[in-house]
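Q: Okay, here's the structure, questions in a sec.
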Amino acid sequence: MTRALRLPLYAALMLSLALPLGANAQEQGGGREQAQGQQEARRPRPEARDAQALPAESVTRHTLQLPGRTLSFTATAGHLTLADQQGAPQAEIGFVAYTRDDADPATRPVTFAVNGGPGASSAYLHLLAIGPWQLPLGGPGISPSASSTLVPNAETWLDFTDLVFIDPPGTGYSRVVGGDQARERFYSVQGDIDGLAAATMRWLKEKNRLTSPKFFVGESYGGFRGPLLAQKLQSDQGIGFSGLVLVSPVFDFDWLDQGSGAPWTNAALLPSLAAEKLSREGPVSRDKLQEAETYASGEYLVDLMRGLQDKQAVERVSRRVADLSGLNPELTRRLAGRIDMRTVQRELRRDSSQVVSAYDTNVAIADPNPTSQSSRFEDPVLDGMTAPLTSAIIQHLTQTLNYKAEGRYNLLNGSINGAWRWGGGRNGPESLEELRQALSLDGNLRVLVAHGFTDLVTPYYASQLLLNQLPELGPQKRVALAVYEGGHMFYSRQASRQAFKADVQRLFEEALRARAAD
């Protein structure tokens, strides 16, 4: 299979639409088999599902009592229409903005929030992490039948920044209205960034916020978007971000598409497997994982590159991987110490007939096919939260924000992921170069890369190894990697959400001080 054909599979696999075990990718550009049980719900095109006009902008005012403070703010739910050069509408981009009533808009920071997929709405960051209301999960996992009632979010970022949640075309209530050609543009790496840049600039101009300090937070594929969007806004729109918060990102898809013979993916994954083992014994930290990290990027890589014909190297890695990960030594020996995400999901708790989430290996469900050699199953985290989160965001928009849109709300639209155009050529998409250029051009830019220890989808050590390739780019360290207890959506754990907010607030303070001193 050529690289161009394999890229859509890896993007779908490694971001926010993981296939169940046993699913096969379609060998055609931009396509893949949809997850069983989700296929029918995710297939309709935006144009087909929603012929009604989106409602007019709704503005409501709110007061929240939170520990130690009261927040008074305005919520605006609406959409931005993007047009082509002839003025013909191409897309309607839904957004929800929260702005503090007691702050000067000229100096108040504003943060634009985007999720991943591609094909995910911003509801994850909105209602699970940083918005003024939160869907309480009560732990890393959630049941599909759990309550969808929201509560005030003590960890909201509204304490220090206004918030704008953006849904790209085909997600949430956003939609493409310009036909097939417009949809092909928006459902591509570059067209997606063009649309987000236009929507960001449009909101800033319409709301008279061009002088505000501007920040970005993106999760998963949204984290991949961050550096691309920063460079696009700098070069085309005359807008500069003061800070980027990249949550569980992928920086380089080639690192995830090395093929079965290359060692990089195994090396990036191993510290997360070690973290899962440590998490059964107590709190996890980078200090406790130093041995696993050093081995992963050192002796492990060297022995993997010796190949399968070096029996001594195979024996060494098989034994050491079993020791670090807690996996069955017979399994690691059979796989020559080369453990992939799918194997971990099925084998980690096979003795108890459970399968674990790729998004957080601490979350498990009963294996629906425990006697089968291969098993198809919904992801305990991603699929478990789909129903309550969808109900929560629709109820919130309709009742709390008085935004009564007709048609379907797409929390996670698999048809977008399947149609995504990743670009041509032999190289996969990456945004590390754009991050390097943005940091070089703007000496005040601050970046926080945030991961969860037990995430197999976007392992934290992959980001560490890639960030190590950045030069210093000035006397101050302006890029930080923070790793928290939990997985891909580590913020579902209260302690991690609290620590994450504190780290982000420090980034804002540093960026604003640098901006003021410039």
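Q: Test each condition in (1) outside any loop (DSSP other than H, G, I, E, B); (2) aliphatic (A, V, I, L, M); (3) more than 20 Å from the chain's Cα centre (by Cα) for A103 and report the one that comes out false.
A: It fails just one condition, (1).
Q: Return a yes/no flag: does region 338-349 have any residue that is buried (at least 19 other Cβ atoms within 10 Å of the Cβ) and over 27 Å from D383 (Cβ atoms).
A: yes
Q: Check region 279-291 and report whether any residue there is surrounded by fewer than 19 Cβ atoms within 10 Å (Cβ to Cβ), touching a strand residue (DSSP E or B) at 6+ places or on another chain (Cβ under 8 Å) and within 30 Å of Y124 (Cβ to Cβ).
A: Yes, the conditions are met somewhere in region 279-291.
Q: Right, something else. For the condition closer than 23 Å to G119 by Cβ, of a type outside the set (D, E, K, R), assigned to a helix (DSSP H, G or I) and at pLDDT below 95, what is the one hit in I394, I416?
A: I416
Q: Under 7 Å by Cβ, and 6 or more places apart or on different chains, what pairs join a residue from region 193-221 that is among the hydrophobic types (A, V, I, L, M, F, W, C) with one that is modelled with pLDDT under 95 and in a helix (DSSP H, G or I)?
A: Pairs that qualify, where the first residue is among the hydrophobic types (A, V, I, L, M, F, W, C) and the partner is modelled with pLDDT under 95 and in a helix (DSSP H, G or I), are A197/D236; A197/Q237; M201/Q237.
Q: Where residues in region 490-514 are of a type outside the set (D, E, K, R) and in contact with a Pro (Cβ under 8 Å, 6 or more places away or on another chain), which of them is surrounded by the fewest Cβ atoms within 10 Å (Cβ to Cβ)?
A: Among those that are of a type outside the set (D, E, K, R) and in contact with a Pro (Cβ under 8 Å, 6 or more places away or on another chain), it is L512.
Q: So in region 163-220, with the set limited to residues that are under 21 Å from the mean Cα position of the chain (by Cα) and among the β-branched types (V, I, T), which one is farthest from F500 (Cα to Cα)?
A: Filtering first and then ranking leaves V189.
Let's see how each residue does on (1) over 30 Å from R209 (Cβ atoms); (2) buried (at least 16 other Cβ atoms within 10 Å of the Cβ):
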position	(1), (2)
P227	no, yes
Q231	no, yes
Q234	no, yes
G238	no, no
S248	no, yes
W255	yes, yes
W264	yes, yes
Y300	yes, yes
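Q: Oh, and also: Just to verify a result, which residue in region 137-154, among those that are over 14 Å from A392 (Cβ atoms) and touching a Ser or Thr at 6+ places or on another chain (Cβ under 8 Å), is surrounded by the most Cβ atoms within 10 Å (Cβ to Cβ)?
A: So the residue we want is P140.
Q: With G238, G222, G226 as the choices, which residue is modelled with pLDDT under 95 and out of contact with any helix residue (DSSP H, G or I) (no Cβ under 7 Å at 6 or more places or on another chain)?
A: G238
Q: Can you name every residue in region 165-216 that is in a loop (DSSP other than H, G, I, E, B) and over 30 Å from R108 (Cβ atoms)?
A: G170, V177, G178, G179, Y187
Q: Among the numbered conditions (1) out of contact with any Gly (no Cβ under 6 Å at 6 or more places or on another chain); (2) of a type outside the set (A, V, I, L, M, F, W, C); (3) more than 30 Å from G487 (Cα to Cα), tell me where Y187 comes up short.
A: (3)
Q: Only residues that are closer than 26 Å to N417 by Cβ and among the aliphatic types (A, V, I, L, M): list them for region 202-238, please.
A: The answer is V217, L228, L229, A230, L233.
Q: Is region 420-430 home to any residue that is modelled with pLDDT of 95 or more, among the acidic types (D, E) and surrounded by 18 or more Cβ atoms within 10 Å (Cβ to Cβ)? Break it down stepwise before answering.
A: Start the filter on region 420-430 by keeping residues that are modelled with pLDDT of 95 or more, which leaves none.
The answer is no, given that none of the residues of region 420-430 is modelled with pLDDT of 95 or more, among the acidic types (D, E) and surrounded by 18 or more Cβ atoms within 10 Å (Cβ to Cβ).
Q: How many residues are outside any loop (DSSP other than H, G, I, E, B), under 19 Å from I416 (Cα atoms) and in contact with a strand residue (DSSP E or B) (Cβ under 6 Å, 6 or more places away or on another chain) if we restrict to region 114-151?
A: Total meeting the criteria: 2.
Q: Specify which of the listed residues (A113, A129) is of a type in the set (G, A, S), modelled with pLDDT of 95 or more, under 30 Å from G486 (Cα atoms) and in contact with a His (Cβ under 9 Å, 6 or more places away or on another chain).
A: A113
The values are calculated or read from the model by the stated rules, or taken from the named source; none is laboratory data. Remember, predicted model here, so these are calculated numbers, not experimental data. Quick reminder, even Gly has a Cβ in these numbers, built from the backbone with ideal geometry, and neighbours come from all protein chains shown.
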